[in-house]
Amino acid sequence: MSQIRPTPPVSTLPLNGNAPSEVAQDADTPAEEGCLPQDAAAQGKTAHSPNVRWQRTAMTRGRRWQSLGHHGATIWFTGLPAAGKSTIAGAVEEHMVCAGRPAFLLDGDNLRHGLNGDLGFDEDARRENVRRTAHVARLLAESGTVALVSLVSPYACDREEAADLHAAVELPFLEIFVSAPLALCEQRDPKGLYARARAGSLSGLTGVDAPYEAPQDPALVLHSGQESVHEAVARVMQTLTAALPPLR
């Protein structure tokens, strides 16, 4: 997977959250013409319902982002259970919102309380979990929000499809690997899942009896057992800023 899936320049935002003094316009791209293309689902390898078409409006991505003064993007945090994904993603959300920049945490557990509540934890269900979450993240990114996805998402091919879904409509996508040794994750075990798995009362736990495929080329690797949350947030923000187009 490539490290960063960028978008053509539309606008940029400094870390203090102030609106830029200059806004660069998109070229005439399909995304600019109608935000998301009519065949966006097909480009994302996902079939859409019959007898429907993408509803275009006069509001384009360029106009929306120019009005807001910043880009939308998706930052996808992946790693073992209890690696620290949600802790870091939540801290990034707080940092950004306090700076005046819209950001929203899409936490895997929270999504399973509603949107993904009908899914189990077998391989197919995990893939559907990623697919649905990727579509929500893309809509948030299109709106000018930074979607912060915190999801184990154990299979590399599923994360690649999430990235491709964004690339198809030229939205920034950053995969961040929150790396932590299995022993540290088991020591933390905030939900008691590892203890249950080791006791034989829980099967299919990623890292114990279900696989996790670590990213081969992420935009950033965070070592949650070696750096503070504050340090991790700073590195995420540096990576995001570097990924977005500069003023021109």
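The values are calculated or read from the model by the stated rules, or taken from the named source; none is laboratory data. The model shown is predicted, which means the values in this text are computed figures rather than measured ones. Backbone-built Cβ (ideal geometry, glycine too); neighbour counts: all protein chains shown. What goes into the accessible areas is simple: the full protein's heavy atoms, side chains included, and nothing from ligands, DNA or RNA. Shrake-Rupley method; radii C 1.70, N 1.55, O 1.52, S 1.80 Å.
Laid out as a table, the results:
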{"read-out": "Residue within region 107-114 that is of a type in the set (S, T, N, Q), touching a Lys or Arg at 6+ places or on another chain (Cβ under 8 Å) and within 29 Å of Ser224 (Cα to Cα) present", "value": "no"}
{"read-out": "Only one of Phe177, Phe173 that is open to solvent by less than 10 Å² (accessible area, probe 1.4 Å), within 25 Å of Ala137 (Cα to Cα) and not acidic (Asp, Glu)", "value": "Phe173"}
{"read-out": "Output for region 67-102, where each listed residue is open to solvent by 10 Å² or more (accessible area, probe 1.4 Å) and on the phi > 0 side of the Ramachandran plot", "value": "Ala82, Gly84, Gly100"}
{"read-out": "Count of residues meeting criterion [touching a Ser or Thr at 6+ places or on another chain (Cβ under 8 Å) and either within 24 Å of Val221 (Cβ to Cβ) or open to solvent by less than 10 Å² (accessible area, probe 1.4 Å) (or both)] in region 156-170", "value": "5"}
{"read-out": "Among the candidates Ser179, Ser203, Ser228, Ser153, residue that is modelled with pLDDT under 95 and among the hydroxyl-bearing types (Ser, Thr, Tyr)", "value": "Ser203"}
{"read-out": "Residue match in region 197-218 (condition: in contact with a Leu (Cβ under 9 Å, 6 or more places away or on another chain), under 26 Å from Thr145 (Cα atoms) and buried (at least 19 other Cβ atoms within 10 Å of the Cβ))", "value": "yes"}
{"read-out": "Filter result (part of a helix (DSSP H, G or I), in contact (Cβ under 8 Å) with a residue 40 or more places away in the chain and farther than 22 Å from Gln226 by Cα) within region 170-212", "value": "Leu193"}
{"read-out": "Pair list, Cβ < 6 Å and 6+ apart or interchain, from region 125-150 residues that are among the β-branched types (Val, Ile, Thr) to residues that are open to solvent by 40 Å² or more (accessible area, probe 1.4 Å)", "value": "Thr145/Pro102; Thr145/Phe104"}
{"read-out": "Selection from region 226-241 of residues that are free of Cβ contacts under 8 Å to residues at least 60 places away in the same chain and either touching a His at 6+ places or on another chain (Cβ under 6 Å) or small (Gly, Ala, Ser) (or both)", "value": "Ser228, Ala234"}
{"read-out": "Any hit, region 154-161, residues being charged (D, E, K, R), in contact with an Asp or Glu (Cβ under 7 Å, 6 or more places away or on another chain), in a helix (DSSP H, G or I) and within 22 Å of Gly84 (Cα to Cα)", "value": "yes"}
{"read-out": "Only one of Leu193, Leu105, Leu139, Leu151 that is surrounded by fewer than 23 Cβ atoms within 10 Å (Cβ to Cβ) and closer than 15 Å to Pro81 by Cβ", "value": "Leu193"}
{"read-out": "Residues that are assigned to a loop (DSSP other than H, G, I, E, B) and under 22 Å from Ala163 (Cα atoms), drawn from region 213-226", "value": "Glu213, Ala214, Pro215, Gln216, Asp217, Pro218, Ala219"}
{"read-out": "Region 77-106 residues that are closer than 16 Å to Gln238 by Cα, paired with ones that are of a type in the set (D, E, K, R) and outside any helix (DSSP H, G or I) (beta carbon under 8 Å, 6 or more apart)", "value": "Ala89/Asp107"}
{"read-out": "Of residues in region 219-235 being hydrophobic (A, V, I, L, M, F, W, C) and within 14 Å of Ser179 (Cα to Cα), the one surrounded by the most Cβ atoms within 10 Å (Cβ to Cβ)", "value": "Leu222"}
{"read-out": "Given (1) assigned to a loop (DSSP other than H, G, I, E, B); (2) hydrophobic (A, V, I, L, M, F, W, C); (3) modelled with pLDDT of 95 or more, number of the condition Ala147 does not satisfy", "value": "(1)"}
{"read-out": "Yes/no for Asp118 being surrounded by fewer than 17 Cβ atoms within 10 Å (Cβ to Cβ) and part of a loop (DSSP other than H, G, I, E, B)", "value": "yes"}
